[in-house]
Amino acid sequence: MQTIASTKASKAWHWFIGSLTNHQSIRAYFEPVIQMALPQWRSDLLRSRVVEVRHESQDMFSLVIKANKRFQAFQAGQYIELTVEKDGAWLSRYFSISSSPEYFKKTGLIELSIRIQSHGKITPWLPKALKAGSLVNISKAMGEFTLNPEHQSVCMIAGGSGITPFRSMLQQMNLKPNSNDTQQDITLLYYARSSEHFLFKKEFESFANQNSNFHLQLIDSEQLGNINGSHISLIEQLNSDTHFYICGPTPMITLGRKILSDLNVNNAHIHYEFFGPEPLSTDLQNDNAQVLFGRSNKQVVSTSNNQTLLELAENHDLKPVSGCRIGVCHQCICQKKSGVVYNSKTKTYSDTGAQEIQLCISVPVNDVVLDL
Ligand code: FES
């Protein structure tokens, strides 16, 4: 006959096994325990080694990384999360992979080409702090900004460091002299703020010299201005079947979409990825929404339509946990007790009651109470 003690032991064992099998790995199972000591530790980050820090231009550098064995294949155009430890804190940022999947297959290496943001917390520090042999954490590859091989006529529009996913795509296409591999007709319209800011210029010029299906247009914005309709209308290779892929700063994407739509380009032919939340609709009226940070007992007023709850909290000396600040890592999740918020990523409004929200992409619409 089974004793009460053995029944309890058996239940505990089944709970333990059940808990384990609900997780994808033993690492994921122990994640909450490890996070008690290291709050931002995550089982999905892959420790990898820097092989080279390469200076590309005055304000750009490339990190060449030997990816951890658990890092699997990626598609040209995707990005990863890079997490580094600075002054005892873990900081994360998202960067497109600028090298090709084929290069990774042959060497196990990936390259991230990074613009130094003069007031940034991480990018000015990275090239000084990292060297060959340094360890960094990378995530698996993410993102859907990839080139559809069925699009026969393609116009890539890049602004500044938005060139990086296109470099990966172009390298992957293996542009060789008279190659039949590339059936797609590709035009790259590349904007940089002055002639010395074109990244990978020699490489693109060599692609253009070697392959008649690839056309390069370098636009020096200092001389020729920012993206406008005439730059696009003058491209001979474009036709009604052309698909446009845009990557660059948010104002450029917004303007580029408007210009293409004014040129009657079918919406389904315009592909872009905001590297961060899409700008908020100006219709959103939330001036003077009151936000109560319940645990800190601070009541503040939102005075701007575009201010996220994360910014609002930080502007009032609160320090909520955050990582990517673009709605991807979920580190800024917080319990909303009441009130309506607008999610700038999904473009949806919340319910009025209690629910979890991401502070970095949520904007208060009316009075909101947070458990923060
Ligand atoms: S900070 Fe990453 S989702 Fe908000």
Checklist entry - Out of all the residues in region 297-309, which are surrounded by 14 or more Cβ atoms within 10 Å (Cβ to Cβ), modelled with pLDDT of 90 or more and either out of contact with any helix residue (DSSP H, G or I) (no Cβ under 7 Å at 6 or more places or on another chain) or more than 13 Å from residue 368 (Cα to Cα) (or both)? => result 298
Checklist entry - modelled with pLDDT of 90 or more and either out of contact with any Asp or Glu (no Cβ under 7 Å at 6 or more places or on another chain) or more than 16 Å from the ligand (Cβ to nearest atom) (or both), is that true of residue 242? => result yes
Checklist entry - crowded, with 16+ Cβ neighbours inside 10 Å and over 28 Å from residue 89 (Cα atoms) - does that describe any residue in region 315-325? => result no
Next on the checklist: For the list (1) under 25 Å from the mean Cα position of the chain (by Cα); (2) surrounded by fewer than 21 Cβ atoms within 10 Å (Cβ to Cβ); (3) in contact (Cβ under 8 Å) with a residue 24 or more places away in the chain, I need the number of the one condition that residue 201 fails.
Outcome noted: (3)
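Every residue in region 49-73 that is in a loop (DSSP other than H, G, I, E, B) and over 15 Å from residue 104 (Cβ atoms), please. Lay out the reasoning, then the answer.
Narrowing region 49-73 to residues in a loop (DSSP other than H, G, I, E, B): 58-59, 67-73.
Hits for region 49-73 are 58, 59.
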Checklist entry - Is it true that some residue in region 273-285 is modelled with pLDDT of 90 or more and either over 30 Å from residue 144 (Cα atoms) or open to solvent by less than 70 Å² (accessible area, probe 1.4 Å) (or both)? => result no
Checklist outcome for this item: Those residues of region 65-106 that are more than 30 Å from residue 320 (Cβ to Cβ), crowded, with 18+ Cβ neighbours inside 10 Å and without any contact (Cβ under 8 Å) to a residue 60 or more places away in the chain come to a total of 1
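The rows are residues; the columns are (1) over 30 Å from residue 54 (Cα atoms); (2) open to solvent by 40 Å² or more (accessible area, probe 1.4 Å).
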site: 205; (1), (2): no, yes
site: 232; (1), (2): yes, no
site: 242; (1), (2): yes, no
site: 249; (1), (2): no, yes
site: 255; (1), (2): yes, yes
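Got a number for residues in region 89-137 being of a type in the set (Val, Ile, Thr) and part of a helix (DSSP H, G or I)? Outline the logic, then answer.
Residues of region 89-137 of a type in the set (Val, Ile, Thr): 97, 107, 110, 114, 116, 122-123, 136.
Those left that are additionally part of a helix (DSSP H, G or I): 107.
Within region 89-137, residues that are of a type in the set (Val, Ile, Thr) and part of a helix (DSSP H, G or I) number 1.
Inside region 348-370, can you point out the residues that are in contact (Cβ under 8 Å) with a residue 12 or more places away in the chain and away from the ligand (no atom under 16 Å from the Cβ)? Please lay out each step first, then the result.
The initial filter retains those residues of region 348-370 that are in contact (Cβ under 8 Å) with a residue 12 or more places away in the chain, namely 349-350, 352-370.
Answer for region 348-370, where residues must be in contact (Cβ under 8 Å) with a residue 12 or more places away in the chain and away from the ligand (no atom under 16 Å from the Cβ): 349, 352, 353, 354, 365, 366, 367, 368, 369.
What number of residues in region 216-230 are open to solvent by 40 Å² or more (accessible area, probe 1.4 Å) and of a type outside the set (A, V, I, L, M, F, W, C)?
Residues of region 216-230 that are open to solvent by 40 Å² or more (accessible area, probe 1.4 Å), as a first pass: 216-218, 222-224, 226, 228, 230.
Next cut, of a type outside the set (A, V, I, L, M, F, W, C) only: 217, 222-223, 226, 228, 230.
Residues in region 216-230 being open to solvent by 40 Å² or more (accessible area, probe 1.4 Å) and of a type outside the set (A, V, I, L, M, F, W, C): 6 in total.
Hey, among the residues in region 328-344 that are in a loop (DSSP other than H, G, I, E, B) and near the ligand (Cβ under 9 Å from one of its atoms), which one's most open to solvent (accessible area, probe 1.4 Å)? Walk me through it before giving the result.
Taking region 328-344 and keeping what is in a loop (DSSP other than H, G, I, E, B), we get 328-332, 339-340, 344.
From what is left, the residues that are near the ligand (Cβ under 9 Å from one of its atoms) are 328-332.
On the way: 328: 33, 329: 22, 330: 98, 331: 38, 332: 6 Å².
The selected residue is 330.
The values are calculated or read from the model by the stated rules, or taken from the named source; none is laboratory data. These numbers come from a predicted model, not from an experiment. Ideal geometry is used to build each Cβ from the backbone, glycine not excepted, and the neighbour counts take in all protein chains shown. Keep in mind that these areas ignore ligands, DNA and RNA; they rest on the heavy atoms of the full protein, side chains included. Shrake-Rupley method; radii C 1.70, N 1.55, O 1.52, S 1.80 Å.
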